[in-house]
Ligand SMILES: *Cc1c(COP(=O)(O)O)cnc(C)c1O
């Protein structure tokens, strides 16, 4: 072994869903929104290349002010970053500095253990129950912090806000992060609890409900002391995380409330339709409050169905992990995309002799 090898930071990175170059594929594997972002931002950057000469506003004031208006918060309660992945990573670095283990469920967003390993934060993963729900009592023990995705991924399940509140209330000596990447699609946000608890951090993203995964915008909402701590860490690392286009386009997206709600309604209507169709075909799934479905079928191998769909240029997600290896996560696309998906599933079931 060469001497310097001992000093390398050895990490196993997060594996994202495939991004095929060819846009003709039906892409239901990374929970992107099938609808474009608001048209209000088109042309916004024309003739503004002069702005790129300058360093951007480190405080992303325009975007933060717009978010504060939208959520009825003060600007010192909001921290923005380059996607919620950046905000979450920064939160782990800022809030989880105890010798005690942090807690998150065994089945959840697979970036949490990656960050914990990167920052050498000890962690424990209490198992979800047999229906993939959180057992809140598992979070009543001594810990160095908690992170919970609600609704959860890849299960699509939204926990009742009372469950989340009990966990926050019982852990007032630690920071509890609630990752609400999917909350706009029908979950219950913990945001109202900010008034009551100073140990709560709510994290959201523009990547799913606002159709802007490519722009990379995420944000944390918490009491001003925690937000200041986050800003201090960020500014000790890279002052200019948010670029100028993200700040102005992000602000513009937040201003267009009508389009936001209209898009959400469309995705939700499609989701409910696809739920009914798949249940009719014998699939089982939790009652998704997200923009994806987590499906399984007693008579089908999820892995084989995943491969068969891929042959048809339909991409969904399969996780080769304990407890969920016979499930597929299917993002909600347009009605047209979902009909092609459903037809391909039916064809496959006919080939297998499960459907006439
Ligand atoms: C998609 C997702 C994120 C990250 O989204 P960004 O694109 O980085 O904003 C965070 N948490 C969960 C649970 C997600 O599904």
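The values are calculated or read from the model by the stated rules, or taken from the named source; none is laboratory data. What you see is a predicted model, and the numbers here were worked out from it, not measured in a lab. Here the Cβ is made from the backbone with ideal geometry for all residues, glycine too, and neighbour counts use every protein chain on show.
Pairs linking a residue in region 248-266 that is assigned by TED's automatic domain parsing to the domain that holds residue 64 and at pLDDT below 95 to a residue that is surrounded by 19 or more Cβ atoms within 10 Å (Cβ to Cβ) and assigned to a helix (DSSP H, G or I), with Cβ atoms under 9 Å and 6 or more positions apart or on different chains, do not occur.
For every residue, the table says whether it meets (1) under 30 Å from residue 188 (Cβ atoms); (2) under 22 Å from the mean Cα position of the chain (by Cα); (3) not in a loop (DSSP other than H, G, I, E, B).
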position	(1), (2), (3)
293	yes, yes, yes
307	no, no, yes
310	no, no, yes
339	no, no, yes
349	no, no, yes
355	no, no, no
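Scanning region 137-148 finds one or more residues that are under 24 Å from residue 329 (Cβ atoms) and within 12 Å of the ligand (Cβ to nearest atom). Just need a number here: residues in region 187-210 that are assigned to a loop (DSSP other than H, G, I, E, B), away from the ligand (no atom under 16 Å from the Cβ) and out of contact with any strand residue (DSSP E or B) (no Cβ under 9 Å at 6 or more places or on another chain). Within region 187-210, residues that are assigned to a loop (DSSP other than H, G, I, E, B), away from the ligand (no atom under 16 Å from the Cβ) and out of contact with any strand residue (DSSP E or B) (no Cβ under 9 Å at 6 or more places or on another chain) number 2. Condition check: assigned to a loop (DSSP other than H, G, I, E, B), at negative phi, within 16 Å of the ligand (Cβ to nearest atom) and surrounded by fewer than 20 Cβ atoms within 10 Å (Cβ to Cβ). Does residue 213 satisfy that? So residue 213 passes the test. Just to be sure, is residue 98 in contact (Cβ under 8 Å) with a residue 12 or more places away in the chain, at negative phi and within 16 Å of the ligand (Cβ to nearest atom)? The answer is no for residue 98.
Just to check your reading of the model, which residue among 23, 44 is without any contact (Cβ under 8 Å) to a residue 60 or more places away in the chain and within 23 Å of residue 263 (Cβ to Cβ)?
Values: 44 fails: without any contact (Cβ under 8 Å) to a residue 60 or more places away in the chain.
Exactly one residue qualifies, and that residue is 23.
Flag: residue 87 matches the condition of being within 13 Å of the ligand (Cβ to nearest atom), in contact with a strand residue (DSSP E or B) (Cβ under 6 Å, 6 or more places away or on another chain) and within 23 Å of residue 152 (Cα to Cα).
Please determine, by comparing only the residues of region 70-84 that are more than 16 Å from the ligand (Cβ to nearest atom) and in contact (Cβ under 8 Å) with a residue 60 or more places away in the chain, which one is surrounded by the fewest Cβ atoms within 10 Å (Cβ to Cβ). First the steps, then the outcome.
At the first step, the residues of region 70-84 found to be more than 16 Å from the ligand (Cβ to nearest atom) are 70-77.
The next check asks that each one be in contact (Cβ under 8 Å) with a residue 60 or more places away in the chain; those that pass are 70-71, 73-74, 76-77.
Numbers: 70: 13, 71: 18, 73: 18, 74: 11, 76: 15, 77: 20.
Looking at the filtered set, the residue picked out is 74.
All conditions in (1) in contact (Cβ under 8 Å) with a residue 12 or more places away in the chain; (2) part of a loop (DSSP other than H, G, I, E, B); (3) assigned by TED's automatic domain parsing to the domain that holds residue 204; (4) exposed (fewer than 13 other Cβ atoms within 10 Å of the Cβ) hold for residue 120, with the sole exception of (1).
Here residue 158 passes the criteria (1) in a loop (DSSP other than H, G, I, E, B); (2) within 20 Å of the chain's Cα centre (by Cα); (3) away from the ligand (no atom under 15 Å from the Cβ) except the one numbered (3).
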